[in-house]
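Below is one structure, written out as C-alpha cells; comments come after it.
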Amino acid sequence: MNKKPKNLAAEKRKEALKRLKKLGVRLYGQMEKSTFPWIKMPSRSTQNIFYSPEVRQYVLGDKMVRRSSRNIRHIRPLTQLIWAAYFARDLAQQRKTSTLRDVYYSAQAYEVPFKDQPESNSIITDLETVMGLSREDFKVFPEERSAIFGDLTIEYTVPGYEGKRLNLMSHPDGMMIGPALTSAEFVKTSADMVIAIEKGGLFTRFIEETVHKKYNALLVLTAGQAPRATRHFIHRLNRELDLPVHIFTDGDPWGMHIAMVIISGSANAAHLRELTTPDATWNGVWATDIVDYDLPSDALTEVDIKRLHDLRKDQRYEGDLWRREIKKFLEIKKKAEQEAFSRYGLTYIVDEYLPAKLEMTD
Amino acid sequence: MVETFEQISPADFFYRNRDIAGFTNPTRAIFSSVRELVENALDASDLHGVPPEVYLRISQEDNGGEEGEVYILRVEDNGSGIPARHIPSAFGQVLFGSKYKLRQARGTFGLGGTMAILYGQITTHKPVYVASSTGTSRTYEYKLMIDIQRNRPIILDRKAHVNKTRWHGTVVEFRLEGDYFRAMPKILEYLKQTAVVTPYANITFVDPKGRLYRFNRVTTDMPPPPEETFPHPYGVDVETIQRLTKITDCRNMLDFMQKHFQRVSERIAHGFLENAGIGKKKNPKKLKPQEVVRLVRKMKEFKDFLPPRARCLSPLGKDLLKAGILKELKPDFIAVCRRKPSAYSGHPFIVETAIAYGGDIPKAGDIVVHRFANRIPLLYDEASDVTVRVIKSINWRTYKVSPDMPIAILVHLCSTKVPYKTVGKEFIADRPEVRREILNGIREVARRLRRFLTRKEHVERERRRLSVFSKYLPKIAEFSTELAGKKQPPDIEKLLKSVRRFE
C-alpha cells in the first residue's frame, strides 16, 4: 500500500487560523457597535449530551448557551476564553505546540490567571466547542504517554522537519505519539491491521515476539485510557489507511471501557468528531476468556461491580458482545490482567491466544 | 474569759474591711484611688457648671529601699471647691459628704475619696495635703490625718492665702503604697473611657515616668445638672419614713404624702391613704411602728403612683455621647440612643446606648463593650454585668454583625441608685426593668448599624462589580483586536460608563 501525503495538517492549521480570526472579527464588531461582546456555543451540560446511533458516538444537542460580558459572572470566563483563542492563534502562527499546563501558566503573564488547572482545562474545552475544532488542532496537547510501532512511514509537517520521513519501526521501544507524529502525514504501510494494547509490558512483548511481522500489524500502546491524540491517531489509521483496529485490554470493567472510548468516544468529547473508531473491535480479555482459558484471576471489588452496573445502563454498551461480557463478569465475579497468560509461558499469548481471538472477530 | 464588746467607728470599719471598697491589693488600691479622686473632681465641676479641667499626677517616691512602692497621687480640679470649714471633715472623716441627696452623681456615699486617703495613711503613715477655694478671696491649705478609731480628722497644719485670681477648685495630694505599673493598663483605659463619657472635660495625666497623657475636650456643652428630688414611694423603707416623720412639719398624713414624696398629688394621696387604711388626718409624728411598716408595704403595692420623675437624672444626651465616642474611637459609623426614663423599685433610671463601627476600634474577634454608670466607666467583672449578658443574648447575625468586625457598644446607665452588685462599683445587677431597657436600647442602635452595614456591603459589592468590568473589558478588547488583526482597539468607554450605576 502506498499513499501520497495530502498535508492534512497544513489544512487544519489554516482552518484553525481562519476560525480564530472570525471569532475576533465578530467580537470586535460587537464592541464597535457598543454592545457588550458575547458568544454563543452548544451547551455541554449533561442534559444536552446524547448518544447518536448514526455517528456512533456522543453528540451535543441543540441547546445553546450564551456568554455575555454584560453578565458579571460570565465576563471573567469569557475573557479567559478570548485569551485562549488569542494564545491559540499565536501558537498556530508561530507553528509551536504547547501543553494544557503551559496554557495554565501562560495566562498569568496576561493577567487573566486561572484559579487552577481544571478551570484552565475547561476553558480550553470551551474554545474547542466554540471553534468546532479539537485542541490538538490548535496545538494544545496533554502530556503524552502512548506509543506506536510497526511498518508505517510518515512524513513530518512540523517546522524544521517538513518533508522528513521516518519508518515507525526505527526504534524498538516504539515511537511516542506526540504532537509531531499526530500532525504527520501517512506515506506508506505494509500493515493489514492495527492492534491497540492497554499495557506497556505486553506492547514490548508483542514487539519482541515480532507480532507486527507475524500478523502484519501496527502496534499501538494506549498506556491505560487512550489520550485524545492517540484516539485521533487510531481514527486516522482506520480512516486514511483502511486498517481494521483490534483492541486488547485487561479483563475488567475498566479495560472494557478503554476499548469502548476508542470505539465510541466519551461524553466529555461530545463536541468533537474524529476521535472515534466505530468499527474497531474489542478482542479481549473477555470475561468468557477467563473461563475458557482458565486464567489466574482476582475477585471483582465492590467498585468494579458498581462500575459494571453503570456500564450496563450505558447506551454505548447495547451490543450483544458487551451485554454478554458484562453479564459474564457479574456472574463469575472475577477479573484478569493481560499478563495472566504468562501462566502458560511467555509466548502463549502471542502463539495461541492472539490468533484465536483475531479469527473470532474477522 | 470575758468577751469584750466595743463600738467601732465607720473609719475603723472600712479600715478593717477595705476589700469591699475596692482596695484589695496594691494594684487595685492605686486604680481605685485614681478613680475615686478623679470622680470627685469631675462631680465638683459638673455641679459648679464649669467644663472640668482635671490634672492627675502620679509620681514615685524614693522610700529608701523599704518594701513596697510608694507613690504620690495628686489631683487638681477647677470645680466648686469646698468651704473651708468642711475641708477637714470632707477628707478626714468617712461617710461625710454632700452626696446623700437624691440626685445623680458619680459617687454616692462620700466614701471613696476618704477611703483612698485612709488607705494612703495606713500604708505610708503620711498626712494628706488639701488646698481648696470656692472662689472667695481666700484659699485654704490643710494637712490632715484621720483618727481611725474615732472617725475624726486631725488637723496638722492649716494656712489661708489671698486668692487674687478668685480661683476655685480643689487640690488633693497624698502618698500611698501601690503597684502603678501593674495598674497602668486599667488606669489608662479608665481615663480614656472617662474621656468618652465626659467629652467636655480636659483631663491631663502625668505618669511616674513623666509621660504626659492629654484628653482634650471637644465641646464646652455640659449636660444640664440634675435636680434634687424627694424619694418616690416605691423606693423607701421603714427607716426613711421614720426619719421623715422626725423632721417633718406636716400635721396630717395628706400633707405628709404630698410634701415628702415625688409625684404624689392630692388626688393620689387621698386614694393611697384610703387604700392603705391610714387616716388622712393622722399626725405623721404619731404613727405607730406597725403603722409605719404597713405604710411602707402598701406604698410598694399601690398601683396608681406615677412613675418616678427623671429630672434628678442627668443623662449625657445624644450629642455629647456622640462627641465623646467620635473623639476617642474615631469610628466610621456611630448610632446613639437615649431611652425614655424608666424605674425599678422606685428608682428612676435612664439608659443610653451607642454602637460604633470601624476607626480605632480593634478587630478583637468580639464586640468591645464599654459600660458606664452615672458617667463612671466600669472596668472590672465584665462577664457578670447585665450589659454583657444582654449583648451575649442577642443574635448578632440578625444585624449583619460578624465576630471579626470592629464594633464597640457603649451602655450608660444613669440612676439615683445604680443597682451595683458590690460596694466596689464594678458591675450592674440583672434587674428585669434595667435589662429590658438596655436590650431595647442596644437593639435600636443595632438596627441602625444594620442599615449602615447593608449599605456598606452594597457599595462594596458595587465597587467590586465595577472593578471586574474595568479589569476584563479592556482585555477582551485587546485580545479581540489582535485576533481580528485590527490596528486600533475598539472604543469601550461607552460600555464601561453604562455599567456604573451610581455616580
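Taking amide H atoms as placed 1.01 Å from N in the peptide plane, the amide H of A:Val187 lies under 5 Å from those of A:Thr153, A:Ile154, A:Glu155, each 5 or more residues away in sequence or on another chain. For chain B, the 222 nm mean residue ellipticity estimated from helices alone, with every DSSP H stretch of n ≥ 4 adding -39500 (n - 2.57) and the total spread over all residues, rounds to -12000 deg cm²/dmol. Rounded to the nearest 0.05, the FRET efficiency derived from the C-beta distance between A:Glu339 and B:Ala383 at R0 = 60 Å is 0.25.
Partner lysines whose Cα lies under 22 Å from the Cα of B:Lys126, excluding those fewer than 8 positions away in the same chain, are identified as B:Lys143, B:Lys159.
Run the numbers for B:Arg267 and B:Lys392: contour at 0.36 nm per residue of separation, minus the present Cα-Cα distance, in nm. Let's see the in-between values first.
Numbers: separation 125, 0.36 × 125 = 45.00 nm, distance 4.49 nm.
Answer, rounded to one decimal: 40.5 nm.
What separates the Cα centres of segment B:258-307 and segment B:171-233 is a distance of 42 Å. Considering only A:Leu308, B:Tyr213, B:Cys250, and ranking their Cα positions along the charge dipole of the protein assembly as shown that arises from unit charges at the beta-carbon of Lys, Arg, Asp and Glu, the one farthest toward the positive end is B:Cys250. Backbone amide hydrogens, once placed in the peptide plane, bring A:Gln57 within less than 5 Å of A:Ser52, excluding anything fewer than 5 places away on its chain. Annotation: segment B:341-399 has a Kirkwood hydrodynamic radius of 13.7 angstrom, from the mean reciprocal C-alpha pair distance. At q = 0.10, 0.20 Å⁻¹, what is the base-10 log of I(q)/I(0) for segment B:318-452 according to the Debye formula with one equal point scatterer per Cα and no solvent? Please give it to two decimals. Log-scaled intensity ratios, in q order: -0.29, -1.20.
Principal-axis analysis of the Cα atoms of chain B puts helix B:266-276 at an angle of about 70° to the longest axis.
Charge tally for A:Asp304 (other residues, Cβ to Cβ under 15 Å; Lys, Arg +1; Asp, Glu -1): 0.
Here's the list of aspartates and glutamates a cross-link from B:Lys400 could span, going by alpha-carbon distance under 17 Å and ignoring same-chain residues fewer than 8 apart: B:Asp332, B:Asp366, B:Glu444, B:Glu457, B:Glu460.
With Cα atoms as the point set, segment B:291-385 shows a radius of gyration and Dmax of 18.3, 60 Å.
Near B:Lys143, once Lys and Arg are set to +1 and Asp and Glu to -1 for all other residues with Cβ below 11 Å from its Cβ, the sum equals 0. Straight-line reach from B:Lys486: taking Cα to Cα under 19 Å and skipping same-chain neighbours fewer than 8 places apart, the aspartates and glutamates in range are A:Glu32, A:Asp90, B:Glu478. Once the Cα-Cα distance is subtracted from the 0.36 nm per residue extended length, the B:Val459 to B:Thr422 segment shows a gain of 8.6 nm.
What is the local net charge at B:Pro489, summed over the other residues whose Cβ is closer than 12 Å to its Cβ (Lys, Arg +1; Asp, Glu -1)?
Values: positive: B:Lys475, B:Lys486, B:Lys487; negative: A:Glu32, B:Glu478, B:Glu482, B:Asp491, B:Glu493.
Summing Lys and Arg as +1 and Asp and Glu as -1 gives -2.
Checking the cross-link pairs B:Lys246/B:Lys421; A:Lys313/A:Lys334; B:Lys456/B:Lys497; B:Lys318/B:Lys456; A:Lys14/A:Lys164 against a 29 Å limit on the alpha carbon distance flags B:Lys246/B:Lys421 as lying beyond it.
Cβ-Cβ distance of B:Asp332 and B:Ile122, R₀ of 51 Å, FRET efficiency by 1/(1 + (r/R0)^6): the value works out to about 0.55. Note on A:Ser170/A:Gln225: beta-carbon distance plugged into 1/(1 + (r/R0)^6) with R0 of 25 Å gives a FRET efficiency of 0.40. Enter the angle in degrees (range 0 to 90, nearest 10) between the Cα long axis of helix A:117-131 and the first principal axis of the Cα atoms of chain A, meaning the one along which they spread out most. Around 80 degrees separate the two axes. Relative to its Kirkwood radius, the Cα radius of gyration of segment B:126-198 gives an Rg/Rh of 1.10. Inter-part distance, segment B:116-159 to segment A:232-280, computed on C-alpha centroids, equals 106 Å. Taking chain A as a Gaussian network of alpha-carbon nodes connected by springs under 10 Å, the highest mean-square fluctuation of the residues A:Gly265, A:Gly224, A:Gly160 belongs to A:Gly160.
Ranking A:Thr249, A:Ala336, B:Val386 by how far each Cα lies toward the positive end of the dipole of the protein assembly as shown (charges on Cβ) leaves B:Val386 at the top. May I ask for the Kirkwood hydrodynamic radius of segment B:458-498, worked out over all distinct Cα pairs and given in angstroms to one decimal? So the Kirkwood estimate lands at 11.1 Å. With the simple spin-label model, which puts each label point 7 Å out from Cα in the Cβ direction, the B:Lys300 to B:Arg150 separation comes to 4.1 nm. Each residue of segment B:432-445 was assigned a 3J(HN,Hα) from its phi angle through the Karplus expression (A = 6.51, B = -1.76, C = 1.60, θ = phi - 60°), giving x, 5, 5, 4, 5, 5, 4, 4, 5, x, 5, 4, 5, 6 Hz with x at Gly and Pro. With the cut-off at 1.5 for a/c, could you classify segment A:286-362 from its C-alpha gyration tensor as rounded, prolate or oblate? Note, shape of segment A:286-362 comes out oblate.
In degrees from 0 to 90, rounded to the nearest 10, what is the angle of the helix B:180-197 Cα long axis to the longest principal axis of chain B? For B:180-197 against chain B, the angle is about 80 degrees.
Karplus-based coupling profile of segment B:461-476, in residue order and whole Hz: 4, 5, 5, 5, 4, 4, 5, 5, 5, 6, 7, 8, 4, x, 6, 4, with θ = phi - 60° in 6.51 cos²θ - 1.76 cosθ + 1.60 and x standing for Gly or Pro. Specify which residue in the list B:Leu56, B:His125, B:His86 is farthest towards the positive end of the charge dipole of segment B:10-215, using unit charges on the beta carbon of Lys, Arg (+1) and Asp, Glu (-1), about the Cα centre. After comparing all options, I get B:His86.
Dividing the convex hull volume of the alpha-carbon atoms in segment A:225-362 by its residue count gives 112 Å³ per residue.
Quick check on chain B: take the gyration tensor over C-alpha atoms, sort the square-rooted eigenvalues as a ≥ b ≥ c, and tell me if it's rounded (a/c under 1.5), prolate or oblate. Kindly include the intermediate steps, with their values, before the conclusion.
Values: a/c = 2.57, a/b = 1.53, b/c = 1.68.
In terms of gyration-tensor shape, oblate.
Computed from backbone phi, the HN-Hα couplings of segment B:485-500 come to x, 8, 8, 9, x, x, 7, 10, 4, 4, 5, 5, 5, 5, 8, 7 Hz, rounded to whole numbers (Karplus: 6.51 cos²θ - 1.76 cosθ + 1.60, θ = phi - 60°; Gly and Pro given as x).
For the protein assembly as shown, what mean projected area does the convex hull of the alpha carbons give, in nm²?
Details: hull surface 261.7 nm².
Mean orientational projected area (the protein assembly as shown, Cα hull): 65.4 nm².
Using the Cα gyration tensor of segment A:8-141, with a ≥ b ≥ c the square roots of its eigenvalues, what is the shape: rounded (a/c below 1.5), prolate (a/b larger than b/c) or oblate (neither)? It is rounded, given that a/c, with a ≥ b ≥ c, falls under 1.5.
No lab work stands behind these numbers, since they all come straight from the coordinates. None of the values given here were measured: they were computed from a predicted structure. All Cβ positions, glycine included, derive from the backbone under ideal geometry; neighbour counts span all protein chains shown.
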